[in-house]
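What follows is a short report on a single structure.
The values are calculated or read from the model by the stated rules, or taken from the named source; none is laboratory data. Just so it is clear, the model here is predicted, and its values are computed rather than measured. Counting neighbours? That spans all protein chains shown, and the Cβs are built from the backbone with ideal geometry, glycine included. Calculation scope for accessible area: heavy atoms of the full protein, side chains included, ligands and nucleic acids excluded. Shrake-Rupley method; radii C 1.70, N 1.55, O 1.52, S 1.80 Å.
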Amino acid sequence: MTATDRSIELINAAAQAAADKLAHDIIAYDVSDVLSITDAFLLASAPNDRQVKSIVDEIEERLSKDLGVKPVRREGDREARWVLLDYVDIVVHVQHSEERVFYALERLWKDCPEIGLPEEAKATRGKAAAHAEATAGERDGELH
């Protein structure tokens, strides 16, 4: 079994919305063979809580406006360290970069097929590492 066309449409719209809000390391997996509750996962991250919220809000607004869907569940809003949007067909995980590294969801789903994403979303790969390196250099510079 593979993700439905509708699930792929939702994933691509959510990935584009996340990319438009400068999310890092956007990736999607077809989990339909291993989970019966959903077809696909979208993972994205951001370097701070405010940006996590902004990405989540943009995804929710875009999917509602363009595709007429609303999440059946939204969790993690309060701390904005890991926000989950459950659309039944897909589940979107937007994590603070630190949570993304700690929980390493990619490790859990690495055997599942990756779903092709829009070019802008693909271009976000490696952005978290680049951002961490840049901010570490800035912090080091301040210490001297």
Size-normalised alpha-carbon gyration radius of the chain, reference 2.2 N^0.38 Å: 1.04
Over the stretch 1-59 - Rg/Rh using Cα atoms and the Kirkwood inverse-distance radius: 1.02
GluC sites (Glu not before Pro) restricted to the stretch 1-104 and DSSP loop, no more than 16 other C-beta within 10 Å: E79
Residue order for W109, W82 - accessible surface, 1.4 angstrom probe, largest first: W82, W109
Largest to smallest accessible area among S45, S97 [probe 1.4 Å]: S97, S45
Angle between the chain longest axis and helix 5-20 axis [Cα atoms, degrees, rounded to 10]: 20 degrees
Solvent-free Debye scattering, log10 I(q)/I(0), computed from the Cα coordinates of the stretch 70-117 at q = 0.13 Å⁻¹: -0.35
Surrounding net charge for E106, when Lys and Arg each add one and Asp and Glu each subtract one, Cβ distance under 9 Å: +2
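Let me check I've understood the local charge: for A46, count other residues with C-beta under 13 angstrom from its C-beta, Lys and Arg +1, Asp and Glu -1. What total comes out?
In short, -1.
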Ranking by accessible area, most exposed first, for R81, R73, R50 with a 1.4 Å probe: R50, R73, R81
DSSP-defined antiparallel bridges as percent of all bridges, the chain, nearest 5: 65 percent
